[in-house]
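Please read the structure below before turning to the comments.
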Amino acid sequence: MGIGLTPTGDDFITGLLASFSALQQLPSNFQQLAVLAKERTNAVSYAEIHEAVNERFSQLVQRVFLSIESGNTNEMAQAVSALEEVGSTSGSDILCGIIFGLKLFCEENNHDNSNSN
């Protein structure tokens with residue numbers, strides 16, 4: 001959804017879905033994204049989103065989450081740098097989606113915790 005081999009919006013959605021998947025927070029209607037993508041983007045991007053909807057992500061994306069889980073900041077830096085190298089902007093766009101998804105999760109949990117007190 002946008003221009004380029006894998007448009008920024010599509011890469012962002014892939015990162016967002018990766019976050020939701022890692023956090024086991026995928027919305028119930030998330031599979032509709034694949035239907036929308038098939039109608040609104042190119043074949044390469046559709047394939048990327050289709051894989052993401054089915055919770056299949058590249059090794060580079062998986063490495064980012066494994067490094068976060070490990071808490072090893074050196075590994076995190078290496079994983080992020082490796083993902084940033086993908087395409088002209090695809091890696092960075094995916095990272096933006098990942099960060100946005102993690103931020104949403106943290107904000108929602110902080111909101112829920114403040115309401116339960």
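Nothing in this text is a laboratory measurement; each read-out follows from the coordinates by a stated rule. On a predicted model such as this, the values are computed, not experimentally measured, just so you know. Positions of Cβ are generated from backbone atoms using ideal geometry, with glycine treated the same way; all protein chains shown enter the neighbour counts.
Every listed requirement among (1) within 13 Å of the chain's Cα centre (by Cα); (2) surrounded by 15 or more Cβ atoms within 10 Å (Cβ to Cβ); (3) not in a helix (DSSP H, G or I) is met by residue 83 save one, (3). Which residues, taken from segment 37-67, are closer than 12 Å to residue 18 by Cβ and in contact with a helix residue (DSSP H, G or I) (Cβ under 6 Å, 6 or more places away or on another chain)? Those that are closer than 12 Å to residue 18 by Cβ and in contact with a helix residue (DSSP H, G or I) (Cβ under 6 Å, 6 or more places away or on another chain): 48, 49, 52, 53, 55, 57, 60, 61, 63, 64, 65.
Quick grid of which residues meet (1) outside any helix (DSSP H, G or I); (2) of a type in the set (Asp, Glu); (3) out of contact with any Asp or Glu (no Cβ under 8 Å at 6 or more places or on another chain):
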site: 30; (1), (2), (3): yes, no, yes
site: 39; (1), (2), (3): no, yes, yes
site: 44; (1), (2), (3): no, no, yes
site: 48; (1), (2), (3): no, yes, no
site: 61; (1), (2), (3): no, no, yes
site: 64; (1), (2), (3): no, no, yes
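Take residue 31 and tell me if it is touching a helix residue (DSSP H, G or I) at 6+ places or on another chain (Cβ under 6 Å) and over 11 Å from residue 94 (Cβ atoms).
Spelling it out, residue 31 is indeed touching a helix residue (DSSP H, G or I) at 6+ places or on another chain (Cβ under 6 Å) and over 11 Å from residue 94 (Cβ atoms).
Going through (1) among the polar types (S, T, N, Q); (2) surrounded by 21 or more Cβ atoms within 10 Å (Cβ to Cβ); (3) in contact with a Phe, Trp or Tyr (Cβ under 9 Å, 6 or more places away or on another chain) one by one, residue 25 falls short only on (2). Is it the case that some residue within segment 10-20 is touching a helix residue (DSSP H, G or I) at 6+ places or on another chain (Cβ under 9 Å), over 12 Å from residue 94 (Cβ atoms) and without any contact (Cβ under 8 Å) to a residue 40 or more places away in the chain? No, segment 10-20 has no match at all.
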